[in-house]
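Undergrad: Structure incoming, see below.
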């Protein structure tokens, strides 16, 4: 299994060597002319993942708390199964849903955000969109990082949520009852016992979700229209991610280009690895109770 | 959580047979109920309501929901130039939260208001996630219903269907066959390797096992596209063409860590007393694993494999890179391109033709049915922990034990070992064996 990492390193090394430090900073992707770098795709990946986590965090946190604290005892197993099932649904199905069902619904929201929040909050502004133009079409908002991020959020939310739920359910009964006996409301009990106890699980689960969303391919590939510049305007059409780049370019790639793709894949692998290890360390520590004070 | 609540409420409930007015019989009554505190308020004890939901909460909820929808409708249709269903829902929800908070604040204190608000927000977040899931499933099935209605969708491949042909020509059987072949190869590779690795991790703990466990953890982080790229680069480097076997290898790389991790968890749950008993009887490590550990954890191992399979079947990107796509049957995994259900879905929906998109949704629906069936099978099998037997397994084990008893008695009486049921009649009936239950 270490083979994969070594192999990627070996093959990608050639490309990294050829590109030098510009591999990190260059935005364009044209390996055959020697001008390529992962700056644009890497930042695209990060933007998508951050958008995804922004939506997935409250969603999974609420679901986890609901299942562990609020749900009636009878439907709890059913809910757990449903959330786990959601994690098992293939990503292509989410991609289809996001592309055909979600995009048209989200577009007016994107327009609203760009019109009213965009002027004050730069990431929400959209170039080429004039809110006062009555004939403006919504196409500038389609295929954006925002939509891809929402779809990816739905894919990672079940995983994040099931990790959080496991940690929440381990919050000690005695302390819960103590809080309730002291007159705390349910929410008071949750904020004073369950959340401090499950803090490691919340952070770890979120990071694990982040790792998953960094590597997501097909849904992003279906939704986003690829551009090779750093695109921080998340509502605007176009974006990119490393995995989408690989899926897009592997087919007509020359030997050297494959090597360059390998290097990009290696970068993605390393980032995911760091995030996941951090996550599993945090989750493991919180489970052993060292964080749960 | 509910059991915590019910327990605390049981404490506050008055024991029915203790007369509260008698100070001798109930020395601790002052801590029980408010009625007990006040000797003047004697009389029949009013039964406390232990329900966690009160009528006024429901009334507040319904009232604020109706008010929110009404206000938003007014806003949308008369006051402001707004449009869009999503905007309507979002603004109604914001209004609902606001109104609910105000309504509660009329007669509750601040912690209670905060509690009620948090409860409403948590309920709606969970509801939203479930709603999203159902909308994914229902939308896919809704769009996929049209091609699923044609019988040829399940019996033909796409080689005869041109781009403009209707849905009554062509089908996805080739993708089903491709998926089955790929997943079969992947399972042949994954199951022995994965379970052996898991056994190694649990039976031979040490620095190397810890290293392997770390690597497995790292492999779960491997993005699927990178796994595909890895196999693709090997194919290109060694001059092979894309084939079903290559795709199966890529799927294996994805499935293996999942299977190893869940099998590892299950194997660690096997009670060590069972293993120690086997060792005490003189069994070697492998005999212990084979006859004690594995059978005990069988249902859990099955679950691990099925979950891995469900994951592997749904993988698109590794297959996209390694299998190539075809429109015709290919039963040979070692030569020629092959396709699978997710990959076919992907190629279908990339086409601008409406019929192809419909076929894509149909394929996605088929894929989802397969995954859901596998998942539910895993749940049904894995519902029991290791060592817990179904009634049928219990009976089988009891009868096996009785046979052993016959055998031992037969040995004592000098009958050849291995004598089974046909010799049973000749032997004296054994002591009745109570069906021994595990645990």
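The values are calculated or read from the model by the stated rules, or taken from the named source; none is laboratory data. Just so it is clear, the structure is predicted and the values come from calculations on it, not from any experiment. When we count neighbours, we look across all protein chains shown, and the Cβ atoms used for this are built from the backbone with ideal geometry, even at glycine.
Undergrad: Looking only at helices (runs of 4 or more DSSP H) that fall completely inside region A:1-120, which ones have 1 or more residues that are at pLDDT 80 or above?
TA: A:39-65, A:76-88, A:91-97, A:103-112
Undergrad: Go through region B:88-120 residue by residue and tally those that are surrounded by fewer than 17 Cβ atoms within 10 Å (Cβ to Cβ) and at the interface with chain A (Cβ under 7 Å from one of its Cβ atoms).
TA: The number of residues fulfilling the criteria is 2.
Undergrad: Of the conditions (1) over 28 Å from the mean Cα position of the chain (by Cα); (2) free of Cβ contacts under 8 Å to residues at least 24 places away in the same chain; (3) crowded, with 24+ Cβ neighbours inside 10 Å, residue B:246 clears all except one; give me its number.
TA: Exception for residue B:246: condition (2).
Undergrad: Any residue at all in region B:229-238 that is farther than 17 Å from residue B:319 by Cα and either out of contact with any helix residue (DSSP H, G or I) (no Cβ under 9 Å at 6 or more places or on another chain) or modelled with pLDDT of 85 or more (or both)?
TA: Yes, region B:229-238 contains a residue that is farther than 17 Å from residue B:319 by Cα and either out of contact with any helix residue (DSSP H, G or I) (no Cβ under 9 Å at 6 or more places or on another chain) or modelled with pLDDT of 85 or more (or both).
Residues are listed down the side, and each one gets a yes or a no for (1) part of a loop (DSSP other than H, G, I, E, B); (2) crowded, with 23+ Cβ neighbours inside 10 Å:
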position: B:250; (1), (2): no, yes
position: B:261; (1), (2): no, no
position: B:276; (1), (2): no, no
position: B:282; (1), (2): yes, no
position: B:294; (1), (2): no, no
position: B:327; (1), (2): yes, no
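Undergrad: Take residue A:195 and decide whether it is at pLDDT 85 or above, assigned to a helix (DSSP H, G or I) and more than 13 Å from chain B (Cβ to nearest Cβ).
TA: No; evaluated as a whole, the condition is false for this residue.
Residue by residue, here is whether (1) at the interface with another protein chain (Cβ under 7 Å from one of its Cβ atoms); (2) under 22 Å from residue B:298 (Cβ atoms); (3) more than 24 Å from the chain's Cα centre (by Cα) holds:
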{"residue": "B:195", "(1), (2), (3)": "no, yes, no"}
{"residue": "B:213", "(1), (2), (3)": "no, no, no"}
{"residue": "B:217", "(1), (2), (3)": "yes, no, no"}
{"residue": "B:221", "(1), (2), (3)": "yes, no, no"}
{"residue": "B:224", "(1), (2), (3)": "yes, no, no"}
{"residue": "B:231", "(1), (2), (3)": "no, no, yes"}
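Undergrad: Follow-up. All but one of (1) within 14 Å of another protein chain (Cβ to nearest Cβ); (2) part of a loop (DSSP other than H, G, I, E, B); (3) crowded, with 21+ Cβ neighbours inside 10 Å hold for residue B:338; which doesn't?
TA: Of (1) within 14 Å of another protein chain (Cβ to nearest Cβ); (2) part of a loop (DSSP other than H, G, I, E, B); (3) crowded, with 21+ Cβ neighbours inside 10 Å, only one is false for residue B:338: (1).
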